[in-house]
Amino acid sequence: MGYLILGLVLFLGIHSVRIVANDWRSARVAAMGLGAWKAIHALVSLAGFALIVWGYGLARSAPIELWQAPTWARHGAGLLTLIAFILIVAAYVPSSRIRGLVGHPMVVGVKLWAFGHLLANGTVADLLLFGSFLAWAVVDYASLRRRDRAAGTQRDPGSWASDIVTVLVAVVAWYSFAFYLHAPLIGATPFG
């Protein structure tokens, strides 16, 4: 469990610097340059992610069960992750109406992904992993919205055509992951 916790601290910690120490971050970027900051951010994120994957795998080999998820929870998680995929794809489509309406669709997608997985999984490792990501996403979204209001951010209303492309790409990606990639990569079949 220690590797999972260390990975979460590294990964979510580096992704929280702007939330808790934005002035310090800005000073570091000014001192070292944006490219160097991004390189450090990427390395810490990658190390954290690797430790999360490794630690979660180790924890799943000797699970400590907290609750037994009902059967409907898997279907609920499937629906929430489908919506999460749509939001995450929308984050990369500049003229998406979804992006314009939600503001920060990737963070909202992470919230739904984490919540869905909390519904369907009930071990200590699941609570640590998905609960940490859910808590981080809630705090990060609030922080991002405050920054948007302070900056007077106006969003592009986007186009329906971009949303259609967004939804189609997301549905194909979700279907491929849920039915073909989740089992070999994660070791669990979401609908099996």
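The values are calculated or read from the model by the stated rules, or taken from the named source; none is laboratory data. None of the values given here were measured: they were computed from a predicted structure. As a convention, Cβ positions derive from the backbone with ideal geometry for all residues, glycine included, and neighbour counts pool all protein chains shown.
A few remarks follow.
- Every condition in (1) in a helix (DSSP H, G or I); (2) surrounded by 15 or more Cβ atoms within 10 Å (Cβ to Cβ); (3) in contact (Cβ under 8 Å) with a residue 12 or more places away in the chain holds for His182 except the one numbered (3).
- Each residue in region 99-134 was checked for being in contact (Cβ under 8 Å) with a residue 40 or more places away in the chain, part of a helix (DSSP H, G or I) and of a type in the set (Val, Ile, Thr), and 1 pass.
- Listed by first and then second residue, the pairs with beta-carbon distance under 7 Å, at least 6 apart or on different chains, first residue in region 1-30 and over 17 Å from Ala137 (Cα atoms) and at pLDDT below 95, second of a type in the set (A, V, I, L, M) and part of a helix (DSSP H, G or I), are Met1/Ala59; Met1/Ala125; Arg25/Val17.
- Condition met for Leu134 (within 27 Å of Ser176 (Cβ to Cβ) and at pLDDT 95 or above): yes
- Filter result for Thr71 (free of Cβ contacts under 8 Å to residues at least 12 places away in the same chain and in the same structural domain as Phe177 (by TED's automatic domain parsing)): yes
Residues are listed down the side, and each one gets a yes or a no for (1) outside any helix (DSSP H, G or I); (2) surrounded by fewer than 18 Cβ atoms within 10 Å (Cβ to Cβ):
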{"position": "Gly55", "(1), (2)": "no, no"}
{"position": "Ala59", "(1), (2)": "no, no"}
{"position": "Trp67", "(1), (2)": "yes, yes"}
{"position": "Leu79", "(1), (2)": "no, yes"}
{"position": "Phe85", "(1), (2)": "no, no"}
{"position": "Val89", "(1), (2)": "no, no"}
{"position": "Pro94", "(1), (2)": "yes, yes"}
